[in-house]
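Just below is one structure, and these are the notes that go with it.
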Amino acid sequence: MADWLGEALETARDPFALIVKGPRVLAEWMDQRREKRYQEFIDAARVGDVFPENAEAMTAEDLVAIMRSLEQDMEAEKSVLYGRLARTIALGRIVLSERRHFIKVLRELSFHQVEQLRSAHVSTLFNLHPDSGSGRMVPKDFLASLVEHDKLQIEQLGLWAKDSLSPTGKRLVEACYLKDELTAQAIGAREWVDGMLDIICNEIGEGECSRFIDEVTMVGHGRLVKVRNQAAFRSNNTISSLFPASMAVLLYFDPSKLTSQWKFVEERIRPGTEVVTASFDDGSSREPTLSSYRHFNLASGIPIVASEIIDHFLAAKSGER
C-alpha cells in the first residue's frame, strides 16, 4: 500500500471522512474490511482439532455457497458464525439436505436473531435465573426482545415451533456455536443453585414470620437459591411432592403449631433432606420432636439469620460436590 494511502486511512476518523478521501481510499478500506472478515471466518472454522484429514465432508459447492453468503451479508459480526458452520459441515455433522438450507438461513437472519436463538437453546440446557421471580427462564423469554417481523421470520424458516426451537432450529444453533459457547456463562446468564430451600410454617399470617420469609426469599434470589414457603395443615400437595426441597426450615412462634400437625410436616420432607428450625428464641424450650435439629435464633436479627440460613444451604450444597 502506498504511504499516502495508508496515511489517508489512518487519518480518516469516521466513515464519511473516507468518502471525502476519494474512491481509491474507499476501495482500499473495503479491501481491508473484507480481508478482516475472511480472517475471522478462517479462525472460526479452524478452531479445535480440525484438519483437512478429518474434515473431508465439505464439497467445493458448499464452500462457494458459504463464501458468497459471507461476502453478501451486511453484518460483519456473523463472520464467526459462517466459520463455525463451515467447520460443522466439513466435519460431516450436518446432513446433506440441510447444508444449503442452513447457509441460506444464516444469511437471512440478523446476528441478533441468531443470538436470541442461541440463548433460547441454552435455556433448555440449564436452569437459568430470571431477573425477578423464582421460576426459570424459558426459550420464549429470549424472543421477547425481537420485533414481530423477526419472530415471524424465524417461524417461517422452520426454526421455531410453539414456544421453543424446532429440531431444525436446535441443529442450526449447534452448527453455528461450539459447545462451550452454549452455556449460561457464555450468554451472560446465571444458573440457579441445584436444589430448593423450603420454609414450612403454620403461622405465616404472623407479621414477623412473614417478614422472615420475605427476607430469606430476597437473599436467596440474590444468591441464586430458590426459596419456597408452605403451611402443613393438610396432606401433601402435588407441587411439593414433585419438587421436593433439599433443605427445610421449620419456622414457628409456637412449636406446637407444627408438632400438632407433624404427620403433614413429615410429608413435606423427603428422606435425606436437611432440617433446621427457626424461632424468635434460643430454641431451648423446643419439644422433643424438634430438639434434634440445628436451631437459628431470629432474635439476633431477621436479616442476619436470613443470610446465615442461605450460607448454611450453600455450604451444604458445596459439600455434596
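Here are the numbers for this structure:
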{"read-out": "Filter result for the condition that a residue is farther than 30 Å from Ser279 by Cβ and exposed (fewer than 14 other Cβ atoms within 10 Å of the Cβ), over Gly188, Gly158", "value": "Gly188"}
{"read-out": "Any hit, the range 243-254, residues being over 30 Å from the mean Cα position of the chain (by Cα), in a strand (DSSP E or B) and surrounded by 19 or more Cβ atoms within 10 Å (Cβ to Cβ)", "value": "yes"}
{"read-out": "Failed criterion for Lys140 (all others in (1) modelled with pLDDT under 95; (2) under 30 Å from Val216 (Cα atoms); (3) open to solvent by 30 Å² or more (accessible area, probe 1.4 Å); (4) outside any helix (DSSP H, G or I) hold)", "value": "(4)"}
{"read-out": "In the range 66-86, the residues that are in a helix (DSSP H, G or I) and either open to solvent by less than 30 Å² (accessible area, probe 1.4 Å) or touching a residue at least 60 places away in the same chain (Cβ under 8 Å) (or both)", "value": "Ile66, Ser69, Leu70, Lys78, Ser79, Leu81, Tyr82, Gly83, Arg84, Leu85, Ala86"}
{"read-out": "Conditions (1) out of contact with any helix residue (DSSP H, G or I) (no Cβ under 6 Å at 6 or more places or on another chain); (2) surrounded by fewer than 20 Cβ atoms within 10 Å (Cβ to Cβ); (3) closer than 24 Å to Ile103 by Cα; (4) in contact (Cβ under 8 Å) with a residue 12 or more places away in the chain; number of the one not met by Asp180", "value": "(4)"}
{"read-out": "Single residue of the range 261-301 satisfying the filter (of a type in the set (D, E, K, R) and assigned to a helix (DSSP H, G or I)) that is surrounded by the most Cβ atoms within 10 Å (Cβ to Cβ)", "value": "Glu267"}
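The values are calculated or read from the model by the stated rules, or taken from the named source; none is laboratory data. Here the structure is a predicted model, which is why all the values come from computation and not from measurement. Cβ: placed from backbone, ideal geometry, glycine included. Neighbour counts: every protein chain shown. Protein only, heavy atoms only, side chains kept; ligands, DNA and RNA dropped before computing areas. Shrake-Rupley method; radii C 1.70, N 1.55, O 1.52, S 1.80 Å.
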